[in-house]
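Asks: Mind having a look at this structure? Questions to follow.
The values are calculated or read from the model by the stated rules, or taken from the named source; none is laboratory data. Every value quoted in this text rests on a predicted model; they were computed, and no experiment measured them. Reconstructed Cβ throughout: ideal geometry from the backbone, glycine too, with neighbour counts over all protein chains shown. Protein only, heavy atoms only, side chains kept; ligands, DNA and RNA dropped before computing areas. Shrake-Rupley method; radii C 1.70, N 1.55, O 1.52, S 1.80 Å.
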Amino acid sequence: MKTVNHWIGGKTVEGTSGNYGPVTDPATGAVTTQVALASLEEVDAAVAAAKDAYATWGTSSLAARTAVLFRYRALLDARRDDIAALITAEHGKVHSDALGEVARGLEIVELACGITTQLKGELSTQVSNRVDVSSIRQSLGVVAGITPFNFPAMVPMWMFPLAIACGNTFVLKPSEKDPSAANLLAELAAEAGLPDGVLNVLHGDKVAVDGLLNHPDVAAVSFVGSTPIARYIHTTASANGKRVQALGGAKNHMLVLPDADLDAAADAAVSAAYGSAGERCMAISAVVAVGAIGDELVARIKERAEKIKIGPGNDPTSEMGPLITAAHRDKVASYVTGAAAQGADVVLDGTGYTVDGFQDGHWIGLSLLDHVSTDSDAYKDEIFGPVLCVLRAETYEEGVALMNASPFGNGTAIFTRDGGAARRFQLEIEAGMVGVNVPIPVPVGYHSFGGWKDSLFGDHHIYGNDGVHFYTRGKVVTTRWPDPADAPAGVDLGFPRNH
């Protein structure tokens, strides 16, 4: 059986803890790989490699760093199919989704290639007599990233390219459920010329996570995952004096006003709710239909959802793949089977779905729940699967109030033809990312990604300007030099004497 080992100090390092985790092909249910799970000693080794590398990488020139990143971007582009194939094999998402993930990660590599402009400082001259003040940004040291299973390439690329471009060194702890893509990303970075130890990949479970959170040589931690774990990461790392950005869960709402283009809204709801099998923090999982359009909107969503083809991710005709594990599939199904008892109309029931020839895969069909109440489990919890809840509101104000009452504030969207309503919405809604007739408002790389409320713990969003600020710290220098004409007697600097 294939074993995924650590990448430390520029080379593959076999696990020594004796502990391994299973990696499953979600389409077949078969365990295809095992991944080494790090001990605390292996955490120390990864951090030590990063610390040693920082001694030279932290003082390297911007030109040297960006040269590596430009070569890295070219290698990633050339190998995007290979990266996507690893994602499909271990996560299960269809190949087109996996390619899209790689493309969004490449955006941040491209942003990192332009780090020279992002790290420019500021200068104020003559703030007092012969006094100048300048502001600069410097790297932190060793930083760590803890990333989720749903985007095993993209989310790591949201972190380490910017971190290393800013002069830090990085220890990545990817999900143990689909670890292979992270290793390939590190190998390609080494091929691009990244010095040994600048990027390390440490596989593991809670032992590795806690080791990084408590390690005295780790200056900052980035995390993407569920809200309970994000809160734990933030609390633990902050208590240890570390800078933290911890992105948590979501319950993203889409408000559909009576004047909306219902075909466009239905298309958006289906793609945003069921794409990548709903296993993404930016999925639309709750549609709020305003006024009398609810029945017609639900009918159009149902019509489209029934046409989605579910199958293995490596089948080019598949539009949605399986869920990551059988346990997660069963948990998602439980929300659908319990929905009717909590007052919902089950318009589509995807539980019990199988694919011929792949009966042991982690399959579930698309589910659509209408007239969902705000106190039901299907509404309150982040399901992280292909389940769409539809709620009803009589007015715009009622819909916005319903949405703002959610403890989550990650992303949201409004569908309307009314510019005034859209403008009110973007100002009144309590969420970090807003789409206007755009169902999944993930910002481009040069704007930052992040939510509000229980969707973010820490002061910084990820990538964009916030990402650069997170991976650097500011320093202000106040300088005063005497005028050369005032040099002591006997010292001739070639300047005329003023007096």
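Asks: Scan ALA84, ALA89, ALA98 and give me the residue that is surrounded by fewer than 24 Cβ atoms within 10 Å (Cβ to Cβ), more than 18 Å from ALA165 (Cβ to Cβ) and touching a helix residue (DSSP H, G or I) at 6+ places or on another chain (Cβ under 9 Å).
Replies: ALA89
This table checks each residue for (1) in contact (Cβ under 8 Å) with a residue 60 or more places away in the chain; (2) part of a strand (DSSP E or B); (3) touching a helix residue (DSSP H, G or I) at 6+ places or on another chain (Cβ under 8 Å).
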residue: VAL109; (1), (2), (3): no, no, yes
residue: THR125; (1), (2), (3): no, yes, no
residue: GLN138; (1), (2), (3): yes, yes, no
residue: ALA144; (1), (2), (3): yes, yes, yes
residue: PHE149; (1), (2), (3): yes, no, yes
residue: PRO152; (1), (2), (3): yes, no, yes
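Asks: How about the stretch 216-247: which of its residues are open to solvent by 20 Å² or more (accessible area, probe 1.4 Å) and more than 15 Å from THR147 (Cα to Cα)? Can you show your working first?
Replies: As a first pass, look at the stretch 216-247 and keep what is open to solvent by 20 Å² or more (accessible area, probe 1.4 Å): 216-217, 219, 225-226, 228-229, 231-232, 234-236, 238-241, 243.
Across the stretch 216-247, the qualifying residues are PRO216, ASP217, ALA219, THR235, THR236, SER238, ALA239, ASN240, GLY241, ARG243.
Asks: Also: Mind checking which residues of the stretch 423-475 are open to solvent by less than 40 Å² (accessible area, probe 1.4 Å) and more than 17 Å from the chain's Cα centre (by Cα)? If you could, list the steps in order and put the result at the bottom.
Replies: Kept after step one, since they are open to solvent by less than 40 Å² (accessible area, probe 1.4 Å), are these residues of the stretch 423-475: 425, 429, 431-433, 435, 439, 441-443, 445, 448-451, 455-458, 461-464, 467-468, 470-472.
Answer for the stretch 423-475, where residues must be open to solvent by less than 40 Å² (accessible area, probe 1.4 Å) and more than 17 Å from the chain's Cα centre (by Cα): PHE425, ILE429, GLY435, PRO439, THR472.
Asks: Got at least one residue in the stretch 159-169 being open to solvent by less than 10 Å² (accessible area, probe 1.4 Å) and either at positive phi or acidic (Asp, Glu) (or both)?
Replies: Looking through the stretch 159-169, at least one residue is open to solvent by less than 10 Å² (accessible area, probe 1.4 Å) and either at positive phi or acidic (Asp, Glu) (or both).
Quick grid of which residues meet (1) open to solvent by 40 Å² or more (accessible area, probe 1.4 Å); (2) among the aliphatic types (A, V, I, L, M); (3) in contact (Cβ under 8 Å) with a residue 40 or more places away in the chain; (4) over 27 Å from ALA260 (Cα atoms):
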{"site": "SER334", "(1), (2), (3), (4)": "yes, no, no, yes"}
{"site": "VAL346", "(1), (2), (3), (4)": "yes, yes, no, no"}
{"site": "GLY350", "(1), (2), (3), (4)": "no, no, no, yes"}
{"site": "GLN359", "(1), (2), (3), (4)": "yes, no, no, yes"}
{"site": "GLY365", "(1), (2), (3), (4)": "no, no, yes, yes"}
{"site": "ASP370", "(1), (2), (3), (4)": "no, no, yes, no"}
{"site": "GLU382", "(1), (2), (3), (4)": "yes, no, yes, no"}
{"site": "VAL387", "(1), (2), (3), (4)": "no, yes, yes, no"}
{"site": "GLU394", "(1), (2), (3), (4)": "yes, no, yes, no"}
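Asks: Within the bounds of the stretch 396-412, is there any residue that is farther than 17 Å from GLY249 by Cβ, open to solvent by less than 70 Å² (accessible area, probe 1.4 Å), at pLDDT 95 or above and in a strand (DSSP E or B)?
Replies: So far as the stretch 396-412 goes, no, none of its residues is farther than 17 Å from GLY249 by Cβ, open to solvent by less than 70 Å² (accessible area, probe 1.4 Å), at pLDDT 95 or above and in a strand (DSSP E or B).
Asks: Right, ALA292: among the aliphatic types (A, V, I, L, M), out of contact with any Leu (no Cβ under 7 Å at 6 or more places or on another chain) and open to solvent by 10 Å² or more (accessible area, probe 1.4 Å) or not?
Replies: Working: among the aliphatic types (A, V, I, L, M): yes; out of contact with any Leu (no Cβ under 7 Å at 6 or more places or on another chain): yes; open to solvent by 10 Å² or more (accessible area, probe 1.4 Å): yes.
Taking the combined requirement at face value, the residue satisfies it.
Asks: If you take the residues of the stretch 24-52 that are open to solvent by less than 50 Å² (accessible area, probe 1.4 Å) and charged (D, E, K, R), which of them is nearest to VAL209 (Cα to Cα)?
Replies: GLU42
Asks: A follow-up question, please. Would you confirm whether any residue within the stretch 298-305 is of a type in the set (Gly, Ala, Ser), in contact (Cβ under 8 Å) with a residue 12 or more places away in the chain and either surrounded by fewer than 22 Cβ atoms within 10 Å (Cβ to Cβ) or under 26 Å from VAL224 (Cα atoms) (or both)? First the steps, then the outcome.
Replies: Of the residues in the stretch 298-305, the ones of a type in the set (Gly, Ala, Ser) are 299, 305.
Now narrow it down to the ones that are in contact (Cβ under 8 Å) with a residue 12 or more places away in the chain: 305.
Then keep just the ones that are either surrounded by fewer than 22 Cβ atoms within 10 Å (Cβ to Cβ) or under 26 Å from VAL224 (Cα atoms) (or both); that gives none.
No, because not a single residue in the stretch 298-305 is of a type in the set (Gly, Ala, Ser), in contact (Cβ under 8 Å) with a residue 12 or more places away in the chain and either surrounded by fewer than 22 Cβ atoms within 10 Å (Cβ to Cβ) or under 26 Å from VAL224 (Cα atoms) (or both).
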